[in-house]
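*Asks:* This is the structure I want to talk about, given as structure tokens.
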Amino acid sequence: MSRLAGKAAIVTGGAQGIGEEIAARLVADGAKVAVVDLNAHKAKAVAERLTRGGGEAIGVGADVAQRAEVRAAIVATVAAFGRLDIFFNNAGFNKPLPFLEIDEANFNAIMRVNAWGVLLCTQEAARQMIAQGQGGKIVNTASIAGRQGYAEFAPYCASKASVISLTQAAAREFAKHKITVNAFAPGVVVTPLWDGLEQDMIDKGVISRKGEFIESFSSSILLGFPSKPKDIVGVAAFLASSDSDYVTGQVIMADGGMVLV
Ligand SMILES: NC(=O)c1ccc[n+]([C@@H]2O[C@H](COP(=O)([O-])OP(=O)(O)OC[C@H]3O[C@@H](n4cnc5c(N)ncnc54)[C@H](O)[C@@H]3O)[C@@H](O)[C@H]2O)c1
């Protein structure tokens, strides 16, 4: 399938997990993809793998919360592919703490990447798309945690609720430029992110063994199992394609029926 033929995309947080799968799917759909990540080495390795598979991809190191680095990543993408049509705000992280132990540093670190990073990257992506004059697609990775509060994830939940608000605000601002802004909200996706979360919760004595946290979260999934990135990437690809041209300001849950809103 080549429904994204001729399109150029950036996927932040594309070096592993959900972002890596999105990058691979966009390439399979015909797009040229810049894999942008804090981990430049891994971003380049993903891009090289996609290129070896017959696609066009580059890897770029950047912190999504640093404007100069984001601008440089967009410049590198336009230098390589001539344009920018699709921007995935996918980079994100979590550092869970029991609610009463959350401090300002923890809150600010999570909000800086997950919320401020999305705002900043949306601004820079939109500037490039407006200059091109042919519209564009901005797609944000929200979360069930943006729709539902979880005690150990409070700052993360606030950051993902912010992603939803920013999606709506940007959709209103950029509709006049034919730029759609949407989000998809994964539930439990088995990625390296969960390894870190489980270790943090073991260290804090909240759980006693690896797997316990993900199992307790997954118990309310209607479809009965936590997802892998490939289970949710179709929704992301839909929001990047012209099939979603009449959709903007929306959040599509891709959580197996975990949170019904
Ligand atoms: N895994 C889940 O269950 C789940 C569920 C809902 C939403 N999400 C969201 O999906 C997105 C991807 O999650 P994942 O599970 O693939 O995580 P992951 O930890 O496997 O991958 C995240 C990637 O983002 C990169 N990154 C982190 N901070 C960055 C920054 N400041 N600048 C640039 N890159 C940065 C990391 O280096 C990493 O490569 C995140 O926004 C996450 O919040 C994940």
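The values are calculated or read from the model by the stated rules, or taken from the named source; none is laboratory data. Worth saying up front: this structure is predicted, and the values here are computed from it rather than measured. In this analysis, Cβ positions are derived from the backbone assuming ideal geometry, glycine residues included, and neighbour counts consider all displayed protein chains. These accessible areas exclude ligands, DNA and RNA; they are computed on the full protein's heavy atoms, side chains included. Shrake-Rupley method; radii C 1.70, N 1.55, O 1.52, S 1.80 Å.
*Asks:* Can you send over the solvent-accessible area of Y150, 1.4 Å probe, protein chains only, in Å² to the nearest 10?
*Replies:* Estimated to the nearest 10 Å², Y150 gives 50 Å².
*Asks:* Give me the net charge of T167's neighbourhood, meaning all other residues with Cβ under 14 Å from the Cβ of T167; Lys, Arg count +1, Asp, Glu -1.
*Replies:* With Lys, Arg at +1 and Asp, Glu at -1, the neighbours total +3.
*Asks:* For the range 103-261, take the alpha-carbon Rg, divide it by the Kirkwood Rh, and send me Rg/Rh.
*Replies:* Values: Rg = 16.8 Å, Rh = 16.7 Å.
Here the Rg-to-Rh quotient is 1.01.
*Asks:* If you don't mind, there's one more thing I want to ask. Which Cα, out of P226, A34, V78, lies furthest along the positive dipole direction of the chain (beta carbon charges, K/R +1, D/E -1)?
*Replies:* V78
*Asks:* Also, quick follow-up: Sort W194, W116 from largest to smallest accessible area, using a 1.4 Å probe on the heavy atoms of the protein chains.
*Replies:* Ranking W194, W116 by accessible area, largest first, yields W116, W194.
*Asks:* Round to a whole number: what % of the accessible area of the range 106-261 belongs to carbon and sulfur, probe 1.4 Å?
*Replies:* Values: 3790 of 6830 Å².
About 55 percent, which is the carbon plus sulfur part of the accessible surface.
*Asks:* Using +1 on the beta carbon of Lys and Arg, -1 on that of Asp and Glu, and nothing else charged, what's the dipole of the range 125-190 about the Cα centre, debye to 20?
*Replies:* With Lys and Arg at +1 and Asp and Glu at -1, about 280 debye.
*Asks:* What's the long-distance tail for the range 1-73, i.e. % of Cα pairs beyond 20 Å?
*Replies:* Numbers: 558 of 2628 pairs.
I get 21 percent for the Cα pairs in the range 1-73 exceeding 20 Å.
*Asks:* Given the peptides 235-241, 65-71, arrange them by the average over their residues of other C-beta atoms within 10 Å, most packed first.
*Replies:* 235-241, 65-71
*Asks:* State in Å² the accessible area per residue of the chain; use a 1.4 Å probe, count heavy atoms of protein chains only, and round to the nearest integer. Display every interim value, and only then the final one.
*Replies:* On the way: 11480 Å² over 261 residues.
Heavy-atom SASA per residue in the chain reads 44 Å².
*Asks:* Next question, about the same structure. Using a Debye calculation, one point per C-alpha and no hydration shell, please list log10 I(q)/I(0) for the range 21-139 at q = 0.15, 0.16 Å⁻¹ in order.
*Replies:* Treating every Cα as an identical point scatterer, log10 I(q)/I(0) equals -0.69, -0.77.
*Asks:* Mind checking which lysines have their C-alpha under 28 Å from K204, skipping anything on the same chain fewer than 8 residues away?
*Replies:* Those lysines meeting the cut-off are K95, K160, K228.
*Asks:* Among all the lysines, which ones have a C-alpha under 17 Å from K137's C-alpha, if same-chain residues fewer than 8 places away are not counted?
*Replies:* Qualifying lysines at Cα under 17 Å: K7, K32, K176, K178.
*Asks:* Can you give the angle from 0 to 90° between the axis of helix 229-240 and the longest principal axis of the chain, with both taken from C-alpha atoms, to the nearest 10?
*Replies:* 40
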